[in-house]
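All remarks here apply to the structure that follows.
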DNA sequence: TATATTTATTCTACAAAATAGAAAAAATAA
DNA sequence: TTATTTTTTCTATTTTGTAGAATAAATATA
């Protein structure tokens, strides 16, 4: 029974990739999660998730060129596949649909 | 390190409880998930999650009165705690905030 | 009152996702 | 060639997600 829904952290990582565009890589994603949610995550957690997402065909990756900065290993850059984008959109649409049916809860947002 | 974020299925179950109001119980939640998302879930999965959510203080439960219908065991009725409601709202707000930063993706919704 | 039927929950076991921390690799600088 | 930096990879564990069978509790009916 292949699971079709995204895990919570998987979805978050996909969103960060969409957000970071051409410069989405492990450490950068880790930082962006902190920035966007206040949540601290271990770098290993991010990479494990990226690797799972790639296996499932939701993202793809390639090695970036070395930059002129200090030094350090080359980045592995990630982008969403069409499938990954679709999964993200569907996940959002489902939730929006449910939220609109719970206006009581929505009111508390404002 | 206590985890603060909701799992994907945990969030879905919380949403169903908010949606079903006074009549949120295991089997009903299971049916509502099917109705709202098209996704089929085993009843055991729902109850396991409900039980975890209760342990974590996100929901509380009480036994319902027997109804006049055919027969069958009494329902265990679930409601969100204030903490559960807060978690749900925060989870939504975080995502909405991120989505608004990715207009490219939003456009594909329509 | 026994037995059948119905509606639900609870139990047991396993797979997948989330998480952390340390180790290793690959780049530049000195 | 050694040190420093940036980043990925590896290893291990906990928490979530999942299913299916067993059990329980209610009403109906013979």
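Values quoted throughout were computed directly from the atomic coordinates according to the rules given, and no laboratory measurement underlies them. Quick caveat, the model's predicted, so the values are computed rather than measured. For neighbour counting, all protein chains shown are included, and Cβ atoms are generated from backbone atoms with ideal geometry for every residue, glycine included.
Structural remarks
- Take every pair of alpha-carbon atoms less than 8 Å apart whose residues are at least six positions apart; their mean separation over the length of chain B yields a relative contact order of 27 percent.
- All alpha carbon pair distances within segment B:1-59 were sorted into 10 Å bins beginning at 0; the resulting P(r) in whole percents reads 23, 59, 16, 2.
- Max-minus-min Cα coordinates of segment A:8-100 on each principal axis give 49, 28, 20 Å, with the largest extent listed first.
- Each stretch of four or more DSSP H residues adds -39500 (n - 2.57); spread over every residue of chain A, this sum gives -17500 deg cm²/dmol at 222 nm.
- Using alpha-carbon coordinates, inclination of helix B:26-37 to the longest axis of chain B, degrees: 30
- Remark: spin-label model distance residue A:76-residue B:35 equals 4.4 nm, labels positioned 7 Å along the Cα→Cβ axis.
- Packing, taken as the mean count of other beta carbons within 10 Å per residue, orders the peptides A:7-19, A:34-46, B:81-93 from highest to lowest as A:7-19, B:81-93, A:34-46.
- Peptide A:85-98 shows a mean partner chain C-beta count of 4 within 10 Å per residue C-beta.
- Residue and whole-Å distance for the chain A Cβ lying nearest the axis of the A-onto-B rotation are A:8, 2.
- Separation of segment A:66-101 from segment B:32-93 is 30 Å, based on Cα centroids.
- At 7 Å out from Cα toward Cβ: residue A:39 inter-copy label distances (nm, ascending): 1.5
- Sorted from nearest, the other copies put their residue B:60 label points 5.3 nm away, the label point being 7 Å from Cα in the direction of Cβ.
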